[in-house]
Amino acid sequence: MLKGLDNRLNADVLYALRAMGHGDTLVIADTNFPADAIARQTVLGKLLRMENLTCGQAAEAVLSVFPLDTFVDDFAGRMQVVGDPDQIEPVQAEVQAVIDASEGRPRPMIGIERFDFYDRAKGAYAVIQTGERRFYGCFIFRKGVIPPEA
C-alpha cells in the first residue's frame, strides 16, 4: 500500500499512467469493447484491467493522478451512440460528472463516431478495460501536464 494513492489503481495501471507523456491518450472501456485486440496495437501493447469497477469509478481513480490536457478540445471523448450521436447515455453522464469534478468546472467531452473511436483507440498509449456492462462506456482521455510549483 502507498499513501495518497487511490487503492483502485493497480501497479500495471500506475506504471502506464506514469510512463505516458503530454498528449498521449488513454482508453477506458466497458466490458463489451474489443479491448484485448485493440490494446495489442497500442504503444503499451497489452491490456490493462480494472475489472471490478464501473467506468465512472475507474475514471475517478485515474483522474486522481492523471492531468487532462488543457491545450486541446479533445482532452476527453466518448463513443457516440450509433444512430443518435447527440444522445448521452447514463454511463457517459457519470464520467462527465467525474471529469467536471476533477477539473473544478464543466468541461464537456467531445463525441467520437464508433469506428473513428476504434481507430483512435489503436493509436492510444494504453487501454484499460473495466467491468462496466452498460453500453457506450468507452472513453479516451488525453494526458496534460503538471506545472512547476510556484
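Read-outs throughout are calculated quantities, based only on the coordinates presented, and are distinct from any laboratory measurement. Since this is a predicted model, take the numbers as computed values, not measurements. Quick reminder, even Gly has a Cβ in these numbers, built from the backbone with ideal geometry, and neighbours come from all protein chains shown.
Output the residue which, of all residues in the range 2-27 that are closer than 21 Å to residue 71 by Cβ and not small (Gly, Ala, Ser), is surrounded by the most Cβ atoms within 10 Å (Cβ to Cβ). Among residues in the range 2-27 that are closer than 21 Å to residue 71 by Cβ and not small (Gly, Ala, Ser), the one surrounded by the most Cβ atoms within 10 Å (Cβ to Cβ) is 27. In the range 113-122, the count of residues that are touching a Leu at 6+ places or on another chain (Cβ under 6 Å), closer than 26 Å to residue 8 by Cα, surrounded by 14 or more Cβ atoms within 10 Å (Cβ to Cβ) and of a type outside the set (Val, Ile, Thr) is zero.
Candidates in the range 62-93 are the residues that are loosely packed, with under 15 Cβ neighbours inside 10 Å and assigned to a helix (DSSP H, G or I); of these, the one that is nearest to the chain's Cα centre (by Cα) is 93. Among the residues making up the range 96-118, those that are closer than 20 Å to residue 47 by Cα and under 15 Å from the mean Cα position of the chain (by Cα) are 117, 118.
May I ask you to say which residue of 37, 59, 16 is in a helix (DSSP H, G or I) and over 15 Å from the mean Cα position of the chain (by Cα)? Before the answer, list the steps.
Numbers: 59 fails: over 15 Å from the mean Cα position of the chain (by Cα); 16 fails: over 15 Å from the mean Cα position of the chain (by Cα).
Going through 37, 59, 16 in turn, just one is in a helix (DSSP H, G or I) and over 15 Å from the mean Cα position of the chain (by Cα): 37.
Only one entry in 131, 137 is within 14 Å of residue 29 (Cβ to Cβ) and either within 13 Å of the chain's Cα centre (by Cα) or surrounded by fewer than 13 Cβ atoms within 10 Å (Cβ to Cβ) (or both), namely 137. Exactly one residue among 53, 48 is in a strand (DSSP E or B) and buried (at least 16 other Cβ atoms within 10 Å of the Cβ), and that residue is 48.
Looking at residue 30, is it touching a residue at least 60 places away in the same chain (Cβ under 8 Å), of a type in the set (D, E, K, R), surrounded by fewer than 20 Cβ atoms within 10 Å (Cβ to Cβ) and in contact with a Lys or Arg (Cβ under 9 Å, 6 or more places away or on another chain)? Considered against the rule, which asks whether it is touching a residue at least 60 places away in the same chain (Cβ under 8 Å), of a type in the set (D, E, K, R), surrounded by fewer than 20 Cβ atoms within 10 Å (Cβ to Cβ) and in contact with a Lys or Arg (Cβ under 9 Å, 6 or more places away or on another chain), residue 30 comes out as no. With respect to (1) farther than 21 Å from residue 18 by Cβ; (2) touching a residue at least 12 places away in the same chain (Cβ under 8 Å), the lone exception for residue 59 is condition (1).
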